[in-house]
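The values are calculated or read from the model by the stated rules, or taken from the named source; none is laboratory data. Just so you know, these numbers come straight off a predicted model, no measurement behind them. Here the Cβ positions follow ideal geometry from the backbone for every residue, glycine too, while neighbour counts run over all protein chains shown. Ligands, DNA and RNA are excluded from the accessible area calculation, which covers all protein heavy atoms including side chains. Shrake-Rupley method; radii C 1.70, N 1.55, O 1.52, S 1.80 Å.
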Amino acid sequence: MQAMKNRWLIALSAISIHLSIGGAYAYSVYTTPVSEQMGWTPTQVTIAFTIMMALAGSSAALFGKFVERNGPRKSAILAGVLFGLGQACSGIAIAIDSLPFFLLSYGVASGLGLGIGYISPVSTLVKWFPDRRGLATGLAVLGFGTGALITAPVAANLMTAIGISNTFYVLGAAYFVFIILGASYIAPPPEGWMPASMKQNMASGNKVYKKDLQQLTSKEAVKTKRFWLLWTMMLINTTAGIMMISVASPMAQEVVGLSAVSAATMVGLMGVFNGGGRLGWATASDYIGRPNVFMIFFLIQTVAFFMLPITTNIILFQLLILLVVSCYGGGFSNLPAFIGDLFGTKQLGAIHGYLLTTWSLGGVFGPMIVSQIRARTDSYTAVFYVFLALILLALVVSILMKLDIKKTEKDLKQQQLEEEAVNY
(Lines give C-alpha, C1' and ligand atoms only; values in the text may rest on other atoms or scores of the structure.)
Protein backbone atom coordinates (compact mmCIF):
# COMPACT_ATOMS: atom_id res chain seq x y z
CA MET A 1 0.00 0.00 0.00
CA GLN A 2 2.79 2.38 0.85
CA ALA A 3 4.33 1.97 -2.60
CA MET A 4 1.04 3.15 -4.17
CA LYS A 5 1.13 6.46 -2.32
CA ASN A 6 1.80 9.52 -4.45
CA ARG A 7 5.12 11.02 -3.43
CA TRP A 8 3.98 14.52 -4.42
CA LEU A 9 1.04 14.16 -2.02
CA ILE A 10 3.59 13.08 0.60
CA ALA A 11 5.41 16.35 -0.12
CA LEU A 12 2.10 18.24 0.16
CA SER A 13 1.48 16.56 3.52
CA ALA A 14 4.89 17.72 4.73
CA ILE A 15 4.16 21.24 3.52
CA SER A 16 0.85 21.20 5.42
CA ILE A 17 2.71 20.34 8.63
CA HIS A 18 5.45 22.92 8.07
CA LEU A 19 3.04 25.69 7.05
CA SER A 20 1.24 25.22 10.36
CA ILE A 21 4.23 25.22 12.67
CA GLY A 22 5.78 28.03 10.60
CA GLY A 23 3.03 30.26 11.95
CA ALA A 24 5.21 30.54 15.05
CA TYR A 25 7.39 33.08 13.22
CA ALA A 26 4.45 35.50 13.04
CA TYR A 27 4.76 36.12 16.78
CA SER A 28 5.64 39.79 16.37
CA VAL A 29 2.02 40.60 15.43
CA TYR A 30 0.95 39.56 18.94
CA THR A 31 3.57 41.49 20.91
CA THR A 32 2.01 44.97 20.99
CA PRO A 33 -1.69 43.92 21.24
CA VAL A 34 -0.96 41.45 24.07
CA SER A 35 1.26 43.95 25.88
CA GLU A 36 -1.30 46.75 25.65
CA GLN A 37 -4.30 44.61 26.62
CA MET A 38 -2.67 42.69 29.47
CA GLY A 39 -0.32 45.34 30.82
CA TRP A 40 2.63 42.98 30.43
CA THR A 41 5.85 44.62 29.22
CA PRO A 42 6.99 43.89 25.64
CA THR A 43 10.03 42.15 27.14
CA GLN A 44 7.81 39.84 29.20
CA VAL A 45 5.69 39.04 26.16
CA THR A 46 8.79 38.36 24.03
CA ILE A 47 10.09 35.82 26.55
CA ALA A 48 7.45 33.37 25.30
CA PHE A 49 8.89 33.53 21.78
CA THR A 50 12.44 33.17 23.13
CA ILE A 51 11.45 30.04 25.06
CA MET A 52 9.73 28.58 22.01
CA MET A 53 12.72 29.19 19.73
CA ALA A 54 15.15 27.76 22.29
CA LEU A 55 13.02 24.64 22.67
CA ALA A 56 12.49 24.22 18.93
CA GLY A 57 16.09 23.25 18.23
CA SER A 58 16.69 21.39 21.49
CA SER A 59 13.46 19.37 21.26
CA ALA A 60 14.36 18.40 17.69
CA ALA A 61 17.57 16.90 19.11
CA LEU A 62 15.87 15.30 22.11
CA PHE A 63 13.03 13.73 20.11
CA GLY A 64 14.99 12.78 16.98
CA LYS A 65 15.23 9.12 18.00
CA PHE A 66 11.54 9.16 19.01
CA VAL A 67 10.68 10.23 15.45
CA GLU A 68 12.82 7.42 14.00
CA ARG A 69 11.27 4.79 16.30
CA ASN A 70 7.64 5.84 15.93
CA GLY A 71 7.57 7.08 12.35
CA PRO A 72 6.42 10.35 10.84
CA ARG A 73 2.68 9.85 11.39
CA LYS A 74 2.70 9.37 15.17
CA SER A 75 5.40 12.01 15.57
CA ALA A 76 3.44 14.58 13.53
CA ILE A 77 0.27 13.81 15.50
CA LEU A 78 2.16 14.45 18.74
CA ALA A 79 3.48 17.69 17.25
CA GLY A 80 -0.05 18.70 16.24
CA VAL A 81 -1.38 18.08 19.74
CA LEU A 82 1.44 19.99 21.44
CA PHE A 83 1.53 22.90 18.99
CA GLY A 84 -2.22 23.26 18.59
CA LEU A 85 -2.84 22.93 22.33
CA GLY A 86 -0.02 25.36 23.09
CA GLN A 87 -1.55 27.98 20.82
CA ALA A 88 -5.11 27.46 22.07
CA CYS A 89 -4.03 27.50 25.73
CA SER A 90 -2.31 30.82 25.05
CA GLY A 91 -5.82 32.17 24.55
CA ILE A 92 -6.84 30.80 27.93
CA ALA A 93 -3.76 32.44 29.48
CA ILE A 94 -4.89 35.78 28.04
CA ALA A 95 -8.45 35.21 29.27
CA ILE A 96 -7.34 34.48 32.86
CA ASP A 97 -4.51 37.07 32.82
CA SER A 98 -1.73 34.60 33.62
CA LEU A 99 1.73 35.40 32.25
CA PRO A 100 3.29 32.16 33.63
CA PHE A 101 0.61 30.08 31.89
CA PHE A 102 1.20 32.07 28.67
CA LEU A 103 4.93 31.31 28.85
CA LEU A 104 4.14 27.64 29.53
CA SER A 105 1.62 27.31 26.69
CA TYR A 106 3.06 29.47 23.90
CA GLY A 107 6.67 28.99 24.98
CA VAL A 108 7.01 25.41 26.22
CA ALA A 109 4.15 23.43 24.62
CA SER A 110 4.34 25.19 21.25
CA GLY A 111 8.16 25.00 21.29
CA LEU A 112 8.11 21.24 21.82
CA GLY A 113 5.52 20.81 19.08
CA LEU A 114 7.52 23.03 16.75
CA GLY A 115 10.72 21.02 17.14
CA ILE A 116 9.04 17.62 16.72
CA GLY A 117 6.88 18.84 13.83
CA TYR A 118 9.87 20.30 12.01
CA ILE A 119 11.80 17.02 11.78
CA SER A 120 8.83 14.60 11.55
CA PRO A 121 8.31 14.65 7.76
CA VAL A 122 11.86 15.38 6.61
CA SER A 123 13.51 11.95 6.69
CA THR A 124 10.41 10.50 5.00
CA LEU A 125 10.62 13.07 2.22
CA VAL A 126 14.28 12.27 1.61
CA LYS A 127 13.36 8.59 1.22
CA TRP A 128 10.54 9.34 -1.23
CA PHE A 129 12.78 11.60 -3.35
CA PRO A 130 16.15 9.82 -3.67
CA ASP A 131 16.52 11.47 -7.08
CA ARG A 132 15.56 15.02 -5.99
CA ARG A 133 16.36 15.32 -2.32
CA GLY A 134 17.09 19.02 -2.41
CA LEU A 135 13.85 19.94 -4.15
CA ALA A 136 11.74 17.81 -1.80
CA THR A 137 13.18 19.14 1.43
CA GLY A 138 13.27 22.64 -0.05
CA LEU A 139 9.51 22.49 -0.63
CA ALA A 140 8.80 21.48 2.96
CA VAL A 141 11.13 24.04 4.51
CA LEU A 142 9.72 26.68 2.15
CA GLY A 143 6.37 25.85 3.71
CA PHE A 144 7.84 26.54 7.13
CA GLY A 145 9.15 29.92 5.98
CA THR A 146 5.85 30.79 4.32
CA GLY A 147 3.76 29.96 7.38
CA ALA A 148 4.47 33.32 9.00
CA LEU A 149 3.60 35.24 5.83
CA ILE A 150 0.14 33.65 5.86
CA THR A 151 -0.43 33.72 9.62
CA ALA A 152 0.62 37.34 10.24
CA PRO A 153 -2.19 39.09 8.31
CA VAL A 154 -4.76 36.46 9.32
CA ALA A 155 -3.89 36.83 13.01
CA ALA A 156 -3.89 40.64 12.80
CA ASN A 157 -7.36 40.70 11.22
CA LEU A 158 -8.73 38.09 13.63
CA MET A 159 -7.51 40.04 16.69
CA THR A 160 -9.36 43.11 15.41
CA ALA A 161 -12.52 41.14 14.64
CA ILE A 162 -12.86 38.65 17.52
CA GLY A 163 -10.21 39.56 20.11
CA ILE A 164 -6.84 38.09 21.12
CA SER A 165 -8.04 35.06 23.09
CA ASN A 166 -10.43 33.92 20.36
CA THR A 167 -7.69 34.40 17.77
CA PHE A 168 -5.47 31.94 19.63
CA TYR A 169 -8.39 29.48 19.91
CA VAL A 170 -9.15 29.65 16.18
CA LEU A 171 -5.54 29.43 15.04
CA GLY A 172 -4.72 26.66 17.52
CA ALA A 173 -7.60 24.59 16.15
CA ALA A 174 -6.59 25.37 12.55
CA TYR A 175 -2.97 24.38 13.14
CA PHE A 176 -4.09 21.12 14.75
CA VAL A 177 -6.39 20.25 11.83
CA PHE A 178 -3.80 20.97 9.13
CA ILE A 179 -1.05 19.06 10.96
CA ILE A 180 -3.35 16.05 11.48
CA LEU A 181 -4.37 16.15 7.80
CA GLY A 182 -0.71 16.07 6.83
CA ALA A 183 0.04 13.30 9.32
CA SER A 184 -2.84 11.16 8.07
CA TYR A 185 -1.24 10.60 4.65
CA ILE A 186 2.47 10.75 5.31
CA ALA A 187 4.31 7.42 5.55
CA PRO A 188 7.76 6.12 4.59
CA PRO A 189 8.20 4.18 1.32
CA PRO A 190 9.12 0.49 1.30
CA GLU A 191 12.79 -0.23 1.95
CA GLY A 192 14.92 0.54 -1.10
CA TRP A 193 12.04 2.15 -3.03
CA MET A 194 12.94 4.19 -6.13
CA PRO A 195 10.72 6.08 -8.60
CA ALA A 196 10.29 4.44 -12.01
CA SER A 197 12.16 7.23 -13.81
CA MET A 198 15.16 6.75 -11.56
CA LYS A 199 15.17 2.99 -12.19
CA GLN A 200 14.99 3.56 -15.95
CA ASN A 201 17.83 6.08 -15.90
CA MET A 202 20.01 3.76 -13.86
CA ALA A 203 19.26 0.78 -16.10
CA SER A 204 19.97 2.72 -19.30
CA GLY A 205 22.97 4.55 -17.89
CA ASN A 206 21.47 7.88 -18.96
CA LYS A 207 22.07 9.38 -15.55
CA VAL A 208 24.43 8.50 -12.72
CA TYR A 209 23.10 8.92 -9.18
CA LYS A 210 25.66 9.39 -6.47
CA LYS A 211 25.31 6.90 -3.64
CA ASP A 212 25.19 7.94 0.01
CA LEU A 213 28.64 8.06 1.49
CA GLN A 214 27.72 5.70 4.35
CA GLN A 215 24.68 4.36 6.18
CA LEU A 216 25.25 5.33 9.81
CA THR A 217 23.22 5.48 13.00
CA SER A 218 23.03 8.77 14.86
CA LYS A 219 25.48 7.45 17.45
CA GLU A 220 27.97 6.54 14.72
CA ALA A 221 27.44 9.82 12.85
CA VAL A 222 28.34 12.07 15.79
CA LYS A 223 31.70 10.29 16.05
CA THR A 224 32.72 11.35 12.54
CA LYS A 225 34.69 14.47 11.66
CA ARG A 226 32.21 15.47 8.95
CA PHE A 227 29.32 15.65 11.44
CA TRP A 228 31.14 18.33 13.41
CA LEU A 229 32.30 20.10 10.26
CA LEU A 230 28.67 20.30 9.13
CA TRP A 231 27.57 21.37 12.64
CA THR A 232 30.12 24.22 12.59
CA MET A 233 29.05 25.34 9.11
CA MET A 234 25.39 25.37 10.14
CA LEU A 235 26.07 27.21 13.39
CA ILE A 236 27.94 30.05 11.66
CA ASN A 237 25.47 30.27 8.76
CA THR A 238 22.50 30.31 11.16
CA THR A 239 24.09 32.81 13.54
CA ALA A 240 24.85 35.21 10.66
CA GLY A 241 21.34 34.89 9.24
CA ILE A 242 19.50 35.36 12.53
CA MET A 243 21.76 38.29 13.40
CA MET A 244 20.82 39.96 10.13
CA ILE A 245 17.12 39.25 10.55
CA SER A 246 17.13 40.61 14.10
CA VAL A 247 18.60 44.06 13.28
CA ALA A 248 18.21 44.57 9.52
CA SER A 249 15.78 47.47 9.78
CA PRO A 250 17.61 49.67 12.33
CA MET A 251 20.96 48.70 10.78
CA ALA A 252 19.94 49.85 7.30
CA GLN A 253 18.43 53.06 8.68
CA GLU A 254 21.58 53.89 10.63
CA VAL A 255 24.29 52.83 8.17
CA VAL A 256 22.91 54.06 4.83
CA GLY A 257 20.03 56.29 5.94
CA LEU A 258 17.19 54.07 4.73
CA SER A 259 13.78 55.47 5.69
CA ALA A 260 11.57 53.59 8.16
CA VAL A 261 9.03 52.86 5.41
CA SER A 262 11.71 51.56 3.03
CA ALA A 263 13.22 49.49 5.84
CA ALA A 264 9.81 47.88 6.45
CA THR A 265 9.61 47.04 2.74
CA MET A 266 13.08 45.52 2.93
CA VAL A 267 12.02 43.35 5.88
CA GLY A 268 9.15 42.05 3.77
CA LEU A 269 11.58 41.25 0.97
CA MET A 270 13.77 39.42 3.47
CA GLY A 271 10.89 37.01 4.01
CA VAL A 272 10.70 36.44 0.25
CA PHE A 273 14.47 35.84 -0.02
CA ASN A 274 14.43 33.60 3.05
CA GLY A 275 11.69 31.44 1.54
CA GLY A 276 12.97 31.67 -2.04
CA GLY A 277 16.47 30.79 -0.87
CA ARG A 278 15.14 27.67 0.80
CA LEU A 279 13.64 26.35 -2.42
CA GLY A 280 16.12 27.82 -4.91
CA TRP A 281 19.34 26.76 -3.19
CA ALA A 282 17.94 23.31 -2.34
CA THR A 283 16.92 22.72 -5.96
CA ALA A 284 20.33 23.91 -7.19
CA SER A 285 22.05 21.47 -4.83
CA ASP A 286 20.53 18.52 -6.72
CA TYR A 287 22.63 19.59 -9.72
CA ILE A 288 25.83 21.04 -8.27
CA GLY A 289 26.05 19.11 -4.99
CA ARG A 290 25.48 20.08 -1.37
CA PRO A 291 29.17 20.67 -0.50
CA ASN A 292 29.47 23.15 -3.39
CA VAL A 293 26.30 24.98 -2.35
CA PHE A 294 27.64 25.54 1.16
CA MET A 295 30.93 26.82 -0.24
CA ILE A 296 28.94 29.24 -2.41
CA PHE A 297 27.01 30.39 0.70
CA PHE A 298 30.22 31.37 2.41
CA LEU A 299 31.79 32.95 -0.67
CA ILE A 300 28.68 35.13 -1.11
CA GLN A 301 28.66 36.11 2.56
CA THR A 302 32.40 36.81 2.55
CA VAL A 303 31.80 39.39 -0.17
CA ALA A 304 28.67 40.69 1.60
CA PHE A 305 30.26 41.24 5.02
CA PHE A 306 33.34 42.77 3.39
CA MET A 307 31.21 45.20 1.37
CA LEU A 308 28.59 46.14 3.99
CA PRO A 309 30.76 48.49 6.12
CA ILE A 310 32.07 50.36 3.07
CA THR A 311 28.85 50.52 1.05
CA THR A 312 26.99 53.83 0.83
CA ASN A 313 24.62 52.86 -1.97
CA ILE A 314 21.20 52.10 -0.47
CA ILE A 315 20.16 49.54 -3.09
CA LEU A 316 23.46 47.63 -2.93
CA PHE A 317 23.34 47.60 0.89
CA GLN A 318 19.86 46.06 0.84
CA LEU A 319 20.86 43.53 -1.84
CA LEU A 320 23.78 42.34 0.30
CA ILE A 321 21.47 41.86 3.28
CA LEU A 322 18.99 39.93 1.14
CA LEU A 323 21.76 37.64 -0.15
CA VAL A 324 22.84 36.82 3.42
CA VAL A 325 19.23 35.99 4.32
CA SER A 326 18.85 33.75 1.24
CA CYS A 327 21.94 31.79 2.36
CA TYR A 328 20.41 31.47 5.82
CA GLY A 329 17.24 29.95 4.40
CA GLY A 330 19.20 27.80 1.97
CA GLY A 331 21.23 26.31 4.82
CA PHE A 332 18.12 24.88 6.47
CA SER A 333 16.67 23.46 3.24
CA ASN A 334 19.95 21.83 2.20
CA LEU A 335 20.66 20.33 5.61
CA PRO A 336 18.38 17.22 5.45
CA ALA A 337 19.55 16.31 1.95
CA PHE A 338 23.19 16.83 2.96
CA ILE A 339 22.67 14.56 5.98
CA GLY A 340 21.30 11.87 3.66
CA ASP A 341 24.32 12.24 1.36
CA LEU A 342 26.82 11.94 4.22
CA PHE A 343 25.17 9.53 6.66
CA GLY A 344 22.38 7.81 4.73
CA THR A 345 18.71 7.59 5.69
CA LYS A 346 18.94 4.95 8.43
CA GLN A 347 18.48 7.51 11.24
CA LEU A 348 18.25 10.76 9.31
CA GLY A 349 15.63 12.23 11.65
CA ALA A 350 17.77 11.74 14.74
CA ILE A 351 20.90 13.17 13.07
CA HIS A 352 18.85 16.10 11.75
CA GLY A 353 17.66 16.76 15.29
CA TYR A 354 21.21 16.87 16.63
CA LEU A 355 22.28 19.31 13.93
CA LEU A 356 19.30 21.57 14.62
CA THR A 357 20.84 22.46 17.98
CA THR A 358 22.62 25.06 15.82
CA TRP A 359 19.18 26.65 15.31
CA SER A 360 18.75 27.27 19.04
CA LEU A 361 22.36 28.37 19.54
CA GLY A 362 22.31 30.66 16.50
CA GLY A 363 19.11 32.23 17.79
CA VAL A 364 20.97 33.15 20.99
CA PHE A 365 24.41 34.01 19.59
CA GLY A 366 23.32 36.11 16.60
CA PRO A 367 21.24 38.75 18.43
CA MET A 368 23.59 38.66 21.44
CA ILE A 369 26.75 39.35 19.39
CA VAL A 370 25.22 42.21 17.42
CA SER A 371 23.58 43.84 20.45
CA GLN A 372 26.75 43.66 22.55
CA ILE A 373 29.01 45.04 19.83
CA ARG A 374 26.52 47.78 18.90
CA ALA A 375 26.16 48.80 22.56
CA ARG A 376 29.91 48.94 23.19
CA THR A 377 31.03 50.61 19.95
CA ASP A 378 27.89 52.63 19.13
CA SER A 379 28.27 51.36 15.55
CA TYR A 380 27.51 48.34 13.37
CA THR A 381 30.90 48.48 11.61
CA ALA A 382 32.63 46.11 14.02
CA VAL A 383 29.69 43.69 13.68
CA PHE A 384 30.38 43.29 9.97
CA TYR A 385 34.07 42.53 10.55
CA VAL A 386 33.35 40.01 13.32
CA PHE A 387 30.96 38.14 11.04
CA LEU A 388 33.40 38.42 8.13
CA ALA A 389 35.93 36.53 10.28
CA LEU A 390 33.31 33.91 11.23
CA ILE A 391 32.23 33.42 7.61
CA LEU A 392 35.86 33.03 6.50
CA LEU A 393 36.22 30.35 9.17
CA ALA A 394 33.09 28.65 7.80
CA LEU A 395 34.55 28.82 4.27
CA VAL A 396 37.68 27.03 5.48
CA VAL A 397 35.50 24.43 7.22
CA SER A 398 33.50 23.88 4.01
CA ILE A 399 36.76 23.21 2.15
CA LEU A 400 37.80 20.76 4.88
CA MET A 401 34.41 19.08 4.46
CA LYS A 402 35.05 18.49 0.74
CA LEU A 403 38.49 17.09 1.51
CA ASP A 404 37.08 14.81 4.23
CA ILE A 405 34.39 13.50 1.86
CA LYS A 406 36.99 12.70 -0.78
CA LYS A 407 39.22 11.00 1.78
CA THR A 408 36.32 8.93 3.12
CA GLU A 409 35.30 7.91 -0.41
CA LYS A 410 38.89 6.83 -1.12
CA ASP A 411 39.16 4.90 2.16
CA LEU A 412 35.84 3.13 1.60
CA LYS A 413 36.80 2.19 -1.95
CA GLN A 414 40.13 0.81 -0.73
CA GLN A 415 38.35 -1.12 2.00
CA GLN A 416 35.94 -2.59 -0.56
CA LEU A 417 38.80 -3.66 -2.82
CA GLU A 418 40.56 -5.34 0.09
CA GLU A 419 37.39 -7.20 1.07
CA GLU A 420 36.84 -8.35 -2.52
CA ALA A 421 40.46 -9.54 -2.69
CA VAL A 422 40.03 -11.56 0.51
CA ASN A 423 36.76 -13.07 -0.70
CA TYR A 424 38.29 -13.90 -4.07
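Could you state the accessible area per residue of the stretch 1-138 in Å², with a 1.4 Å probe and every protein chain left in place?
On the way: 5000 Å² over 138 residues.
Each residue of the stretch 1-138 exposes 36 Å² on average to a 1.4 Å probe.
Tally Lys/Arg at +1 and Asp/Glu at -1 over every other residue whose Cβ is under 12 Å from the Cβ of L417; what's the total? Let's see the in-between values first.
Values: positive: K410, K413; negative: D411, E418, E419, E420.
Combined, the nearby Lys, Arg, Asp and Glu give -2.
Taking 35 Å as R0, compute the FRET efficiency from the Cβ-Cβ separation of V154 and I288 and round it to 0.05. Write down the numbers at each step before the final one.
Details: r = 37 Å, r/R0 = 1.07.
So, using R0 = 35 Å, E works out to roughly 0.40.
About the Cα centre of the chain, what is the dipole size in debye to 20, counting +1 per Lys and Arg Cβ and -1 per Asp and Glu Cβ, all else neutral?
Values: 27 positive and 17 negative charges, 187 e Å.
Here the chain has a charge dipole of around 900 debye.
Taking the longest Cα principal axis of the chain as reference, the axis of helix 133-162 is set at about 20 degrees.
Using a probe of 1.4 angstrom and keeping all protein chains present, the accessible surface of the stretch 297-356 works out to 26 square angstrom per residue.
When all alpha-carbon pairs of the stretch 170-293 are counted, what percent fall beyond 24 Å?
Working: 4700 of 7626 pairs.
Pairs farther apart than 24 Å: 62 percent.
Adding -39500 (n - 2.57) for every DSSP H run of four residues or longer, then dividing by how many residues the chain holds, sets the calculated 222 nm ellipticity at -28000 deg cm²/dmol. Protein heavy-atom surface of the chain, 1.4 angstrom probe: 66% of the accessible area is carbon and sulfur, with nucleic acids and ligands not counted.
What's the whole-number percent of alpha carbon pairs in the stretch 252-299 lying beyond 11 angstrom? Display every interim value, and only then the final one.
Numbers: 806 of 1128 pairs.
Everything past 11 Å amounts to 71 percent.
Taking the longest Cα principal axis of the chain as reference, the axis of helix 225-256 is set at about 30 degrees. Which values of log₁₀ I(q)/I(0), to two decimal places, follow from the Debye formula for the stretch 292-370 at q = 0.18, 0.19, 0.24 Å⁻¹ with a uniform point scatterer at every Cα? Calculated log10 I(q)/I(0) at the listed q: -0.86, -0.92, -1.17. Only lysines eight or more places from K410 in sequence, or on another chain, were considered; those with a Cα closer than 28 Å are K127, K199, K207, K210, K211, K219, K223, K225, K346, K402.
Taking the Cα centre of the stretch 367-424 as origin, work out the dipole magnitude from +1 charges on Lys and Arg Cβ and -1 charges on Asp and Glu Cβ, in debye rounded to 20. Walk me through the numbers on the way to the answer.
Values: 7 positive and 7 negative charges, 87 e Å.
With only Lys, Arg, Asp and Glu charged at Cβ, the dipole is about 420 debye.
A simple rule links phi to the HN-Hα coupling: the Karplus curve 6.51 cos²θ - 1.76 cosθ + 1.60 with θ = phi - 60°, which for the stretch 17-23 gives 5, 6, 4, 5, 6, x, x Hz, with x for Gly and Pro. Restricting the trypsin sites (Lys or Arg not before Pro) of the stretch 212-254 to loop positions (DSSP other than H, G, I, E, B) with no more than 14 neighbouring Cβ atoms within 10 Å leaves K223.
Quick one: divide the alpha-carbon radius of gyration of the stretch 151-219 by 2.2 N^0.38 Å and tell me what you get.
Values: Rg = 22.5 Å, N = 69, 2.2 N^0.38 = 11.0 Å.
Dividing the Cα Rg of the stretch 151-219 by 2.2 N^0.38 Å gives 2.05.
At q = 0.10 Å⁻¹, what log₁₀ I(q)/I(0) does the chain have when each alpha carbon counts as one equal point scatterer in the Debye sum? Cα-only, vacuum Debye calculation for the chain: -0.69. All Cα-Cα distances of the stretch 27-150, cut into 5 Å bins from zero to the largest, leave 2, 12, 18, 21, 18, 12, 8, 5, 3, 1, 0 percent in each bin in turn.
Toward the positive end of the charge dipole of the chain, with +1 on the Cβ of Lys and Arg and -1 on the Cβ of Asp and Glu, the farthest Cα among L171, V34, P130 is that of P130.
With springs only between Cα atoms under 10 Å apart, run a GNM on the chain and tell me which of S120, S13, S98 wobbles the most. In the Gaussian network model the winner is S98. Between Q347, Q318, Q44, the Gaussian network model of the chain with springs among Cα atoms under 10 angstrom shows the greatest mean-square fluctuation at Q44.
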